[in-house]
Amino acid sequence: LTGCGYPDDADRMARYWAEGGDITHIIGKDIVRFHAVYWPAFLMSAKLPLPKQIFGHGFLLNRGEKMSKSVGNVTFGNDGSYSAEAIVQRSNSDLGNAFGNLAQRTLSFIAKNLDGRLPAIHGHDPADSELFDLIDRVVRTDMPAAMADLAPSVAIDAWLRAAFACNQYIDAQAPWSLRKTDPQRMETVLATLYIAIAQLAVAVLPVIPASATALLDHMGIPADKRSYNAIGDHWYSPLAESDFTLAAPKPLFPRLELTEADG
């Protein structure tokens, strides 16, 4: 409560513990009784707003062992197992290969072959529309619903499915081949990917804020378009018609390696 500003910082308190606000307490599942029975009584005694809901999350297991302050090895929903190996594997495969590589090769291709000019759209075909429909459903419906249900793992799984679909799309459309056979189709494919990558970056902002923000900054995405709903609005054409030039990107997720200390 003091971390939210009580009792001296009224502005901070109004931000995190607003009267009538949507207050959610997120606590470990083994202390639900204390936070669902005793803590509300304390708040009522102090005439402070009660939480609208209390969410008891599962334990985060370190290689199968419960993490705790007493053991000294200090998730949402069900218990989840953590290990340094798992973090490295997920970062390198899901972030690095699935999304980072997608952004890297798409943006690099645009920077190199179009001199940083954002590609023009020359009419979409069914493959483009199918990808847009999937991305829109994931970003505007599936992920917000999962986050509202305090199920970030479900939201991330949906996001990964969309990232995998983008990789399947770029492999199938092969803009590097279209460069010689159909330059207009190549530009449409690249524009489709540019829009999809921006939408996915916005969708994953709550999970990897620093990396996603760096990518969105590099892509020139306006600050007022960086929300679940706004990123689906009309923003690409104005950006493409502006004086924005895409620079060659840097790797978004450098490959991680385990050290002896991580073993």
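Which shape class applies to segment 160-200: rounded if a/c is under 1.5, otherwise prolate when a/b exceeds b/c and oblate if not, where a ≥ b ≥ c are the square roots of the Cα gyration tensor eigenvalues? Could the numbers behind the result be given before it?
Working: a/c = 4.17, a/b = 1.79, b/c = 2.34.
In terms of gyration-tensor shape, oblate.
If you take the square roots of the eigenvalues of the alpha-carbon gyration tensor of segment 110-220 and sort them as a ≥ b ≥ c, do you get rounded (a/c under 1.5), prolate (a/b over b/c) or oblate?
Numbers: a/c = 2.70, a/b = 1.71, b/c = 1.58.
Verdict is prolate for segment 110-220.
With the cut-off at under 15 Å, measuring from each backbone N in segment 125-159 to a point 7 Å along the Cα-to-Cβ line of residue 57 picks out 147-156.
Backbone phi angles across segment 118-130, fed through the Karplus curve with coefficients 6.51, -1.76 and 1.60 (θ = phi - 60°), yield HN-Hα couplings of 5, x, 7, 9, 10, x, 9, 9, x, 5, 5, 4, 5 Hz in residue order; Gly and Pro are listed as x. What the phi angles of segment 166-175 give under the Karplus curve with 6.51, -1.76 and 1.60, with θ = phi - 60°, is a coupling list of 5, 5, 5, 5, 5, 5, 6, 7, 6, x Hz, glycine and proline written as x.
Please give the length that would be gained between residue 112 and residue 151 if that part of the chain were fully extended, namely 0.36 nm times their separation in residues minus their C-alpha to C-alpha distance (nm, one decimal). Write out the running numbers ahead of the final one.
Working: separation 39, 0.36 × 39 = 14.04 nm, distance 3.99 nm.
Contour length minus Cα-Cα distance gives 10.1 nm.
Using heavy atoms of the protein chains and a probe of 1.4 Å, the accessible area assigned to residue 181 is about 110 Å².
Summarising the label geometry, the points placed 7 Å from Cα in the beta-carbon direction at residue 207 and residue 42 lie 3.4 nm from one another.
Net charge around residue 40, counting only other residues with Cβ within less than 15 Å of its Cβ (Lys, Arg = +1; Asp, Glu = -1)? If you can, show how the numbers build up before the last one.
On the way: positive: 33, 47, 52; negative: none.
So the environment of residue 40 carries a net charge of +3.
Only aspartates and glutamates eight or more places from residue 29 in sequence, or on another chain, were considered; those with a Cα closer than 19 Å are 65, 79, 149. Within the full protein context, the accessible area of residue 236 is estimated at about 20 Å² for a probe radius of 1.4 Å.
The values are calculated or read from the model by the stated rules, or taken from the named source; none is laboratory data. Note that the structure is a prediction, hence the values are computed from the model and not measured. Neighbour counts are summed over all protein chains in view; Cβ atoms, including those assigned to glycine, are modelled from backbone coordinates with ideal geometry. Just the protein is used for accessible areas: all its heavy atoms, side chains included, with ligands, DNA and RNA removed. Shrake-Rupley method; radii C 1.70, N 1.55, O 1.52, S 1.80 Å.
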